[in-house]
1. Which one of A75, A28, A71 is assigned to a helix (DSSP H, G or I) and in contact with a Phe, Trp or Tyr (Cβ under 8 Å, 6 or more places away or on another chain)?
2. When you look at Y73, is it modelled with pLDDT of 95 or more, surrounded by 12 or more Cβ atoms within 10 Å (Cβ to Cβ) and under 17 Å from the mean Cα position of the chain (by Cα), yes or no?
3. Of the numbered conditions (1) farther than 22 Å from C63 by Cβ; (2) crowded, with 16+ Cβ neighbours inside 10 Å; (3) of a type outside the set (S, T, Y), N189 satisfies every one except a single condition; which is it?
4. Given the structure, is I141 surrounded by 12 or more Cβ atoms within 10 Å (Cβ to Cβ), touching a helix residue (DSSP H, G or I) at 6+ places or on another chain (Cβ under 7 Å), part of a helix (DSSP H, G or I) and among the hydrophobic types (A, V, I, L, M, F, W, C)?
5. How about the range 83-102: which of its residues are buried (at least 16 other Cβ atoms within 10 Å of the Cβ) and either over 20 Å from L146 (Cα atoms) or hydrophobic (A, V, I, L, M, F, W, C) (or both)?
Amino acid sequence: MKYPEVCLIPVLMLADYYLTILGAVLMAKQFSNYVVFEQYELNPRFQKAINNKKLINGKLFLCILMVTACAVYIAEISPFPAELVILMLGYVLTIYSVIVGRHIANIFIYLYFLKRPDNIKGKIEYTYEASLFMSIYYNFIPLIALLVIYIYEKSLFVLGGILGIASMTISHFQFLKKRKEKKAEEVNNLENNLQK
């Protein structure tokens, strides 16, 4: 294999999914007495599965298979230049590395408060919109670090990572837009039903 790092893609994608479930389970144990999220999973495609703690998810496995197959094709079979392959690997691996890192941080936070529940007081509830904006703002942490590294190193892998974090941010804005459209449609349907 010219690019064995392609093998990290399915590993990170699986880690994302199962660490999300683990985080949701741990949060529900004690932390949810203090912090409540309207929706733990931000990606609408996987919310139902995560809410149900679904361990076997055909949609996930199909998604992993498709992404990995595309990555293997681009990296190992296609006539694409090495520069494009490196850019693509930076894009995908950075997105999933950042997501997995956030899950691991959340799990450690939940474990900390399970052992030390007296260190948290009060209660806060986050709407789905607030959770998305928090995630968008947290994207600045790796984005700024990657920009500084890119200025120094001029690495295509790092540039791919910058583009990946930017696309993850854009996808969050798309989730927000779809959510607002869905809410507007529900209000419109309710008004129409009341008028009948």
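1. Unique residue meeting the criteria: A75.
2. No.
3. Result: N189 passes all but (2).
4. Working: surrounded by 12 or more Cβ atoms within 10 Å (Cβ to Cβ): yes; touching a helix residue (DSSP H, G or I) at 6+ places or on another chain (Cβ under 7 Å): no; part of a helix (DSSP H, G or I): yes; among the hydrophobic types (A, V, I, L, M, F, W, C): yes.
Judged against the criteria, I141 is not a match.
5. At the first step, the residues of the range 83-102 found to be buried (at least 16 other Cβ atoms within 10 Å of the Cβ) are 85-100, 102.
Residues satisfying the conditions are V85, I86, L87, M88, L89, V92, L93, I95, V98, I99, V100.
A quick yes/no check of all residues on (1) in a loop (DSSP other than H, G, I, E, B); (2) under 17 Å from V92 (Cβ atoms); (3) not charged (D, E, K, R):
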position: K2; (1), (2), (3): yes, yes, no
position: E5; (1), (2), (3): no, yes, no
position: V11; (1), (2), (3): no, yes, yes
position: Y17; (1), (2), (3): no, yes, yes
position: T20; (1), (2), (3): no, no, yes
position: A49; (1), (2), (3): no, no, yes
position: L60; (1), (2), (3): no, yes, yes
position: C63; (1), (2), (3): no, yes, yes
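The values are calculated or read from the model by the stated rules, or taken from the named source; none is laboratory data. Note that the structure is a prediction, hence the values are computed from the model and not measured. Positions of Cβ are generated from backbone atoms using ideal geometry, with glycine treated the same way; all protein chains shown enter the neighbour counts.
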